[in-house]
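Q: I'd like to ask you about the structure that follows.
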Amino acid sequence: MVADFMDRARELLAGGVDDASLNAVGRLLAEVSREPGFIPQTETKSLHGSDTTSAVLQTDSDGLTLMLGKFSAKQETPVHNHNSWGVACVVQGKDRYRHWHHDDEGQLKVLYEKELGPGSFVTWLDPPHDIHSQQGIGGPALELVLFGKNTMTIPRKYYNLETGEVTTALP
Ligand SMILES: [Fe+2]
């Protein structure tokens, strides 16, 4: 069923990756994620060096990659990018999603903040539009995230808000 979703997502994006096609993929992801058995029982591994964890469900040769992420309520993820567009849909729990951008002065600021529950999704475009942070609310948030690239194999940027330091590292 994951493989079927990947094929359908690829078709929706065939005409180009933009807000409209990413939203269509988000609606599809929200729909299929409700199907029993869509989310396999799977081992997740630690991400961002915290108790936020993730697992790759499928990654294809063109880069299209579906991941399952669990975002802890204990601590917000660092502000980070992915060097890829993405679609994130909550399947269980609640997530406080913050999307960041550099303002006209080059300062990293929150562009918007959203509370996402099951079936709610957000989308973002390729860099520089791919900076965010997340935190579960009242418990971990389980989420499906589709990327245009296998983001587990490419370095990402971590932004330290206090020092302004930017670190590049593999997840
Ligand atoms: Fe992320």
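Q: Excluding A141 itself, what net charge comes from residues whose Cβ is under 9 Å from its Cβ, given Lys and Arg +1 and Asp and Glu -1?
A: +1
Q: Ignoring everything except DSSP H segments at least 4 long, calculate the 222 nm mean residue ellipticity for the chain; use -39,500 (n - 2.57) per segment, divide by total residues, nearest 500.
A: Using -39500 (n - 2.57) per qualifying helix, the result is -5000 deg cm²/dmol.
Q: Now for a different question. Could you list the residues of the range 91-127 with an amide nitrogen less than 20 Å from a label point located 7 Å from the Cα of I137 in the Cα-to-C-beta direction?
A: Zone members listed by number: 91-100, 110-124.
Q: Still on this model: Treating each Cα of the chain as an identical point scatterer and ignoring solvent, apply the Debye formula and state log10 I(q)/I(0) at q = 0.12 Å⁻¹.
A: -0.50
Q: Against the longest principal axis of the chain, how steep is helix 19-32, in degrees 0 to 90 to the nearest 10, with axes from Cα atoms?
A: 60 degrees
Q: Let me ask something additional. Treating the angle as unsigned and between 0 and 90°, give the value, to the nearest 10°, between the Cα long axis of helix 2-13 and the longest Cα principal axis of the chain.
A: The two axes meet at around 70 degrees.
Q: Once you have the Cα-Cα distance between A169 and R27, take 0.36 nm times their residue separation minus that, and quote the gain in nm to one decimal.
A: 48.0 nm
Q: Spin-label point model (7 Å from Cα, Cβ direction): what's the H129 to R8 distance in nm?
A: 2.4 nm
Q: Follow-up. Label-point separation (nm) for D51 and Y112, each offset 7 Å from Cα along Cα-to-Cβ?
A: Each label point lies 7 Å from its Cα, and together they span 3.1 nm.
Every number here is computed from the coordinates shown, using simple stated rules; none is lab data. Remember, it's a predicted structure, so these values are computed and weren't measured experimentally. Backbone-built Cβ (ideal geometry, glycine too); neighbour counts: all protein chains shown.
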